Amino acid sequence: MNTDEHGAERPERARPTPQSLTGVGLAVLDRAGRVLLGLGHDGRWELPGGKVDAGEDFETAAARELAEETGLSVPVTAVRILAVVVDGLPGLTRVTAAAVTEGAVGTPRATEPDKIVRWEWFAREEVPAALFAPSASVLDCLWPGATPRGAADVRRYRVAGDVARITPP
């Protein structure tokens, strides 16, 4: 621990300046194996997902974001983390958990119309080329292909099933 001469933790170490954004992208698959994508107002398609709130794990954030953005529900236990993806924006490191789930309950609807125009199901071979970068990287983890959809400089760290999940005592 970094402390001053009186044993107190230095304030700059107690709460460092944020330099990264932690999020989750959730590939929701239906019974036919199609993936759910939302059309953004910028013309790019994206997976449900978003920022991981303080104290949340990736699975909880994925289930929460799915409900908030689409009206669909899925138990946290049905969310599987495939990989952790690291990329960057100018001055910001972006860490995204690539997650997948099947059997979401409900009918997808644009619950945040300021962000998403509509939700649609796509077969693997029909996924549009115009993808939000983190969503493209998540799809690369789900469906690796000869030609990646995401940026070439993205780092992917595969998760080895439940072994990687550490549960606090």
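The values are calculated or read from the model by the stated rules, or taken from the named source; none is laboratory data. Remember, predicted model here, so these are calculated numbers, not experimental data. Here the Cβ is made from the backbone with ideal geometry for all residues, glycine too, and neighbour counts use every protein chain on show. Calculation scope for accessible area: heavy atoms of the full protein, side chains included, ligands and nucleic acids excluded. Shrake-Rupley method; radii C 1.70, N 1.55, O 1.52, S 1.80 Å.
Conditions tested, residue by residue: (1) modelled with pLDDT of 95 or more; (2) closer than 30 Å to Thr107 by Cα.
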site: Asn2; (1), (2): no, no
site: Gly7; (1), (2): no, no
site: Thr17; (1), (2): no, no
site: Thr22; (1), (2): no, yes
site: Leu29; (1), (2): yes, yes
site: Trp45; (1), (2): yes, yes
site: Leu66; (1), (2): yes, yes
site: Thr70; (1), (2): yes, yes
*Enumeration of residues in segment 54-83 that are within 12 Å of the chain's Cα centre (by Cα) and more than 14 Å from Leu142 (Cβ to Cβ)*: Asp57, Phe58, Glu59, Thr60, Ala61, Ala63, Arg64, Glu65, Leu66
*Restricting segment 103-145 to residues that are in a strand (DSSP E or B), β-branched (Val, Ile, Thr) and open to solvent by 50 Å² or more (accessible area, probe 1.4 Å), which is nearest to Val84 (Cα to Cα)?*
Val105
*Give segment 56-95 a look and list any residue that's basic (Lys, Arg) and closer than 24 Å to Ala152 by Cβ, or say none.*
Arg94
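Rundown of residues vs (1) touching a residue at least 60 places away in the same chain (Cβ under 8 Å); (2) not polar (S, T, N, Q); (3) not in a strand (DSSP E or B), yes/no style:
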site: Thr60; (1), (2), (3): no, no, yes
site: Glu65; (1), (2), (3): no, yes, yes
site: Glu68; (1), (2), (3): no, yes, yes
site: Thr77; (1), (2), (3): no, no, yes
site: Ile81; (1), (2), (3): yes, yes, no
site: Val86; (1), (2), (3): yes, yes, no
